[in-house]
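The values are calculated or read from the model by the stated rules, or taken from the named source; none is laboratory data. Note that the coordinates shown come from a computational prediction; the quantities given were computed from them, not determined experimentally. Using ideal geometry, Cβ is built from the backbone for each residue, glycine included, and neighbour counts are taken over all protein chains shown. The protein model used for the area step is the full one, side chains on, heavy atoms only, and it has no ligands, DNA or RNA in it. Shrake-Rupley method; radii C 1.70, N 1.55, O 1.52, S 1.80 Å.
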Amino acid sequence: MTARKFNFNPGPAVLPLEVLQQASKDIINFRGCGMGIMEISHRGPQFKQMYQELISRARKIMNLGDDFHILFLGGGASSQFYMIPMNLLNHERTADYVNTGTWSKKAIKEAKLFGNVHVAGSSADSNFNHIPDTIQYSEKPAYVHITSNNTIFGTQWQQFPVVTHAPLICDMSSDFLSRRFDANAFDMIYAGAQKNIGPAGVTFILLKQGLLEKMNQGLPTMLTYQTHVNKDSSFNTPPVYGMYIINEVFKWILDTGGLTEIEAVNDRKAGMIYDIMDQHADFYRGAARKDSRSKMNITLRLPSETLEKAFLEQAEGKGFFGLKGHRSVGGIRVSMYNACPKEAVARLADFMLEFKKQQ
Ligand SMILES: *Cc1c(COP(=O)(O)O)cnc(C)c1O
C-alpha cells in the first residue's frame with residue numbers, strides 16, 4: 001500500500017485509521033457472522049445490535065435527554081434544507097435564518113419555497129468573514145436556523161445563541177462532535193456525516209419530540225420525519241454502511257476520551273496553525289475575523305496568487321493534500337476535522353514556517 005497522505009480535505013475527509021482498519025475486516029465478515037456489513041439484512045439481528053450500540057453511543061457522547069429522537073437519513077445535509085421548512089413552515093409563518101455563508105444561503109433558498117424567511121443576522125457585507133454580532137429575531141418565528149461552522153469561509157459560532165422563544169435548529173455538518181456543546185439546548189441538529197463522523201450518504205439527525213408534534217401533516221411519506229421516527233430509520237432500507245462507520249467513529253470518540261478530549265486535541269491542532277498566522281500576519285493572512293475563527297477549517301490568503309500556487313505545489317510535493325481554498329474565498333484552506341492527526345498538523349505547521357523563510 002502506498003503511504004497515506006496528510007489529508008486536509010474539506011469533506012469527504014480523513015477518517016480515523018483504526019476505524020478504516022476495522023471496517024476493512026467487517027466489509028468481508030461482520031463480527032464473525034460470515035457476511036459483510038453491506039451484505040446483511042437491515043431487519044436481521046446483526047444490524048439491530050449494531051443500531052442499538054450506535055444509538056446508545058450517540059446518547060452517551062452528547063448526554064442526550066430522552067426527548068430526542070435520532071435519525072439516519074439519506075439525501076445529505078442538503079435535503080434537510082428543504083425537509084425542515086416543508087415540515088415546519090407555511091405561508092402564514094416566518095422562519096428566522098442567520099446567514100453565515102454558502103450553506104446558510106442554500107438553506108434560506110429552500111425555506112422560501114414553503115413560507116416566509118426573515119434573515120435575523122448576516123455577514124454578507126464582509127464576505128462572511130465573521131459570525132454576525134447582532135441577531136434580530138422576528139416576532140414569532142416558526143423556528144430559528146443557524147449553521148454552526150462555515151466550512152467554506154472558515155468561521156464558527158464560538159458560543160451558540162440562547163433561543164427560548166422558538167425552536168432552535170442547527171446545521172452542524174462541519175463541526176459535529178468536534179467540541180463540547182449542550183445538545184439539549186437545540187430542538188434539532190443535523191449533520192452530513194462526511195466531515196466529522198463517517199462517509200457521505202448518511203445524515204445524522206437529532207429531533208426533539210416537542211418539535212415533531214408541531215410538524216405539518218399530509219406530506220409524502222419519505223419526507224415526513226414522523227415516518228422515520230416510527231420505524232427507527234428503517235421505514236426503507238437505511239444507509240447501513242454509513243451507520244456502521246458512524247458507530248465505529250463513535251466508539252473511537254469514546255475511546256479517545258469523549259468530547260472533552262476531542263475538543264482539547266482540536267484546540268491544540270488549530271492553535272498550531274493560528275499561532276503561525278498570528279506571528280506572520282502579513283504573510284499568512286487569515287480570512288476570518290479573529291473572534292469567529294473556525295477550529296475545523298482555517299482559511300488564509302498569501303500576499304499573491306503566485307505565492308499561493310507555489311505553496312500548494314510544494315505542499316503537495318511533501319504529501320499535504322486538500323489545501324486549496326474554496327473558489328469563493330480563494331487561497332488556502334486547512335480542514336482539520338477530528339480524525340486529522342496532530343502529527344499531520346504539526347508537519348504542516350513546520351512546512352508553513354519553512355515556506356515563509358524561503359521567500
Ligand atoms: C458540507 C456541508 C453541507 C452539505 O452536505 P451534503 O451532505 O453534501 O448535502 C451542508 N452544510 C454544511 C455546513 C456543510 O459543511
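General remarks:
- Qualifying residue in region 30-45 (condition: farther than 30 Å from THR260 by Cα, crowded, with 21+ Cβ neighbours inside 10 Å and within 16 Å of the ligand (Cβ to nearest atom)): no
- Looking at LEU20, LEU54, LEU15, just one residue is at pLDDT 95 or above, open to solvent by less than 40 Å² (accessible area, probe 1.4 Å) and more than 16 Å from the ligand (Cβ to nearest atom), and that residue is LEU54.
- Pairs where the first residue, in region 181-193, is open to solvent by 10 Å² or more (accessible area, probe 1.4 Å) and the second is aliphatic (A, V, I, L, M) and in a strand (DSSP E or B), C-beta under 6 Å, 6+ apart: ASP187/LEU168
- Residues that are within 15 Å of the chain's Cα centre (by Cα) and either among the β-branched types (Val, Ile, Thr) or at pLDDT below 95 (or both) within region 59-107 comprise THR100, THR102, listed in sequence order.
- Entirely in region 26-145, the strands (runs of 3 or more DSSP E) that have 2 or more residues that are farther than 30 Å from THR299 by Cβ: 68-73
- Restricted to region 159-175, and to residues there that are within 16 Å of the ligand (Cβ to nearest atom) and not in a strand (DSSP E or B), the residue that is most open to solvent (accessible area, probe 1.4 Å) is PHE160.
- All helices (runs of 4 or more DSSP H) inside region 205-314 with 1 or more residues being within 30 Å of PHE355 (Cα to Cα), at pLDDT 95 or above and in contact with a Phe, Trp or Tyr (Cβ under 6 Å, 6 or more places away or on another chain): 258-279
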